[in-house]
Amino acid sequence: MQSDLTRERLEQAFAASGLTQAELARASGIDRGSISLYLSGRYCPKADKLMRLASALSVSPEWLSGVESTPTETALSFPVMVGLAKDGTLLPGPDTLLVPRSQLEGKSAEDCFVLQMQGFSMYPRLLEGDRLLVKRTRTIPDGAIAVFIQQGALLVRQVQGSLLQAANPEYPPHPRTEDMTLLGRAMSLIRAL
């Protein structure tokens, strides 16, 4: 029966993910009670829920539903960070974004985050609402776009030696100072059209 195969594959993908049910609920946007019912086999997820579970578990919906025989990794679901919390940690917004594993350039999901651009300092290169896939790093080469924390705010700039350059000429170059914390380097731009 297909629902038994779906349950078995859901159990397999869930175990391989290392996620808790609560983490899977957050990543998929499906309540924890429903996930528990799907994993126990009491209910089979409908197509829309199956798609969200597959995305959160980094497998194809076709494999999870039993149509394909081999698992195919598709993408990872990342919360979209929209700023900083009061404690200085990245603040996730309500959205998540699917990022193909190939865009991680061999890095683990824990080494990366997605940041939604705010403001106009990087206009026209980066637009407000654009999303950047950022790789956490402690060093940054010249010419790279980096994300810093300074005085409780996020700063996205291109590194030019000891200066941080905005793309928008209305924003003057900013010297790199001791009070800045480097979060990471922008790896790719994700723009909705």
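Derivation of every value follows stated rules applied to the coordinates shown; laboratory data play no part. Computed from a prediction, not measured in an experiment: that's the story for all the values here. A quick note on method: Cβ atoms are made from the backbone with ideal geometry, for glycine too, and the neighbour counts reach across all protein chains shown.
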log10 I(q)/I(0) for the chain, Debye formula on C-alpha points only (no solvent), q = 0.12 Å⁻¹, two decimals, reads -0.66
Anchor residue 86: lysines whose Cα lies under 25 Å away (excluding residues fewer than 8 positions away in-chain):
135
Rg/Rh (Cα only; Kirkwood hydrodynamic radius) as it applies to the range 81-128
1.01
List, in order, the whole-Hz ³J(HN,Hα) value for each residue of the range 5-12 obtained from phi through the Karplus relation with A = 6.51, B = -1.76, C = 1.60 and θ = phi - 60°; use x for Gly and Pro.
5, 4, 4, 4, 6, 5, 4, 5
Between residue 125 and residue 4, what's the calculated FRET efficiency when r is the beta-carbon distance and R0 is 45 Å? Round to 0.05.
0.30
Label-point separation, residue 67 to residue 167 (7 Å along Cα→Cβ), nm
3.7
What is the range 25-116 by shape, rounded, prolate or oblate, if you read a ≥ b ≥ c off the alpha carbon gyration tensor as root eigenvalues and call it rounded for a/c under 1.5, prolate for a/b larger than b/c, and oblate otherwise?
oblate
Everything considered on the Cα gyration tensor (a ≥ b ≥ c; rounded for a/c under 1.5, else prolate if a/b is larger than b/c, else oblate), the range 112-193 must be described as oblate
Given only helices, namely DSSP H runs of n ≥ 4 each adding -39500 (n - 2.57), what is the per-residue ellipticity at 222 nm of the chain, to the nearest 500 deg cm²/dmol?
-7500 deg cm²/dmol
Evaluate E = 1/(1 + (r/R0)^6) for residue 108 and residue 182, where r is the Cβ-Cβ distance and R0 equals 25 Å; express this FRET efficiency to the nearest 0.05.
0.85
Within the chain, excluding any chymotrypsin sites (Phe, Trp or Tyr not before Pro) found in a DSSP loop (not H, G, I, E or B) and having at most 15 other Cβ atoms within 10 Å, the longest uninterrupted segment runs 44-119
Given +1 on the Cβ of Lys and Arg, -1 on the Cβ of Asp and Glu, and no further charges, what dipole in debye does the chain carry about its Cα centre, rounded to the nearest 20?
80
